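Shown next, in C-alpha cells, is the structure this report addresses.
The values are calculated or read from the model by the stated rules, or taken from the named source; none is laboratory data. No experiment lies behind these values; they were computed from the predicted model shown. Cβ sites come from the backbone with ideal geometry, for glycine too, and all protein chains shown count toward neighbours. Heads up: the accessible areas ignore ligands, DNA and RNA and are worked out on the full protein's heavy atoms, side chains in. Shrake-Rupley method; radii C 1.70, N 1.55, O 1.52, S 1.80 Å.
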Amino acid sequence: DGLRAGAQPALAARGARRDRMKLWQPTPAEIWQGRDDSSEAANALRLFQTIARVERFEPQAQPGDIALLGFACDEGVRRNKGRTGAAKGPEILRRALANMASHDGHDRCVDMGSVSVEGDALEAAQQALREAVTACQRAGKRTLVLGGGHETAFGHGAGVLDAFPTDEVGIINLDAHLDLRIADRASSGTPFRQLALACEAQRRAFHYTCIGVSYAANTRALLDEAARREVTIIDDLAVLFAFEARVIPQIEHLIARYDRLYLTIDLDVLPAREMPAVSAPAALGVPLATLLRIVEPLCRSGKLQAVDLVEFNPQYDIDSQGARAAARLAWQIAHWWQ
C-alpha cells in the first residue's frame with residue numbers, strides 16, 4: 001500500500017508532463033526551404049540543407065548541438081496590454097533563416113520543434129517550455145529559442161536553472177524594458193520577477209543584468225523593484241555614448257563571474273527603423289551593429305548556455321526588414337557560439 005501511495009504522485013506528475021508535451025509539435029518540413037546552389041560546389045549550402053529536424057521530442061545526448069525551439073505564444077503580450085501577433089514569430093523567423101548560407105556552427109543546429117499555448121493557458125505553456133529546455137540542456141545541447149512574447153524568458157530561463165541546480169547562472173537581458181512587473185498573473189511584463197521568485201524557491205541568488213533600458217519606458221515603481229532585487233542596469237544612452245567605459249567592463253565581469261550565462265534579447269531594444277515588427281517599437285533603441293558587439297564576446301566565452309529572441313511580431317513588419325534583422329541576429333549567434 002505504501003508503495004502504491006508513493007507511486008501515485010509520480011504517476012500523476014508523469015501524466016501532467018505528457019499533457020504538457022501535447023503542446024509540442026514538430027516543425028513542418030516545408031518551412032525549411034530555400035535556393036539550392038549545391039550544383040555549384042559541395043559546400044554551397046544554406047541552412048535549410050544542413051539543419052536537422054526531429055519528428056519526436058526525444059533529445060539525444062549530442063554535446064555542442066544547438067537545439068532550436070519555438071515558443072508560439074503571445075498570450076503574455078495580450079495580458080500585458082500589448083499588440084498581439086508574436087505567436088507567428090517562430091514560423092516566420094525559421095523561414096527567414098532557411099535561405100541563409102550555412103557556415104561554421106550552423107551544421108550543429110537541430111530543430112526541436114515548438115511549444116504553443118492552448119487558449120489563455122500561458123502558465124501550462126511556460127511549464128512545457130521549461131521542461132523541454134531542461135531536457136535539451138541535460139542532453140548537452142545549448143538552446144536557441146524563438147519567441148513569442150517575452151513571457152518566453154520565464155520558461156527558458158527556468159529550464160536553464162533546473163538543468164544546472166548547483167551552478168551560478170547570470171541572466172542578461174538586452175531590452176528597453178525591465179519586465180519586473182508585480183502582477184497576479186504571468187505576462188510578457190513579469191518574466192524576470194518570476195525568475196527571481198524561482199531562484200528564491202531554489203535558494204539560489206538572482207543575478208540579473210538589463211542592458212539597453214529606456215528610462216522613458218520604465219516607471220519609477222519598476223526601477224524601485226530593480227533596485228530592491230539588485231539588478232544591474234545599463235541604459236540605452238550609456239550603451240550609445242559610453243560603450244567602452246560601461247558596457248565592455250560589464251560583459252567582461254559577467255563572463256568572469258558566472259558559471260553559465262543565459263541571454264535573452266527583446267527585439268524592441270532595436271530602433272524602430274531597424275525593428276518595426278514588435279509590440280512596442282523603440283523611439284531611440286540600440287542599433288543592431290552595436291548589439292552584436294555585446295553578443296559576440298558572450299557567444300565566444302564558452303559560458304553561454306541559452307539564448308532567445310522574443311517579441312518579433314510579423315503582423316507589423318515592413319517589407320520583411322524586421323524578419324531579416326532578427327534572422328541575421330540568430331544566424332550570427334549560431335555562427336559565433338562556442
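So is residue 64 at pLDDT 95 or above, among the small types (Gly, Ala, Ser) and under 20 Å from residue 330 (Cα atoms) or not?
No.
Cβ-Cβ distance below 8 Å, separation of 6 or more or different chains: which pairs start in the stretch 146-158 with a residue that is over 15 Å from residue 322 (Cβ atoms) and aromatic (Phe, Trp, Tyr) and end on one that is open to solvent by 10 Å² or more (accessible area, probe 1.4 Å) and part of a helix (DSSP H, G or I)?
From residues that are over 15 Å from residue 322 (Cβ atoms) and aromatic (Phe, Trp, Tyr), the pairs are 154/130; 154/194; 154/198.
Of everything in the stretch 307-316 that's open to solvent by 10 Å² or more (accessible area, probe 1.4 Å) and in contact with a helix residue (DSSP H, G or I) (Cβ under 6 Å, 6 or more places away or on another chain), which residue is farthest from residue 71 (Cα to Cα)?
Among them, the one singled out is 314.
Any idea how many residues of the stretch 57-88 are touching a strand residue (DSSP E or B) at 6+ places or on another chain (Cβ under 6 Å) and not aliphatic (A, V, I, L, M)?
Within the stretch 57-88, residues that are touching a strand residue (DSSP E or B) at 6+ places or on another chain (Cβ under 6 Å) and not aliphatic (A, V, I, L, M) number 4.
This table checks each residue for (1) in contact with a Leu (Cβ under 8 Å, 6 or more places away or on another chain); (2) hydroxyl-bearing (Ser, Thr, Tyr); (3) in a loop (DSSP other than H, G, I, E, B).
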{"position": "38", "(1), (2), (3)": "yes, yes, yes"}
{"position": "41", "(1), (2), (3)": "no, no, yes"}
{"position": "44", "(1), (2), (3)": "no, no, yes"}
{"position": "48", "(1), (2), (3)": "no, no, no"}
{"position": "56", "(1), (2), (3)": "no, no, yes"}
{"position": "71", "(1), (2), (3)": "yes, no, no"}
{"position": "83", "(1), (2), (3)": "no, no, yes"}
{"position": "87", "(1), (2), (3)": "no, no, no"}
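Go through the stretch 143-168 and count every residue that is open to solvent by 10 Å² or more (accessible area, probe 1.4 Å), in a loop (DSSP other than H, G, I, E, B) and under 24 Å from residue 108 (Cα atoms).
1
Please specify each residue of the stretch 57-116 satisfying the condition of being within 30 Å of residue 302 (Cβ to Cβ) and free of Cβ contacts under 8 Å to residues at least 40 places away in the same chain.
58
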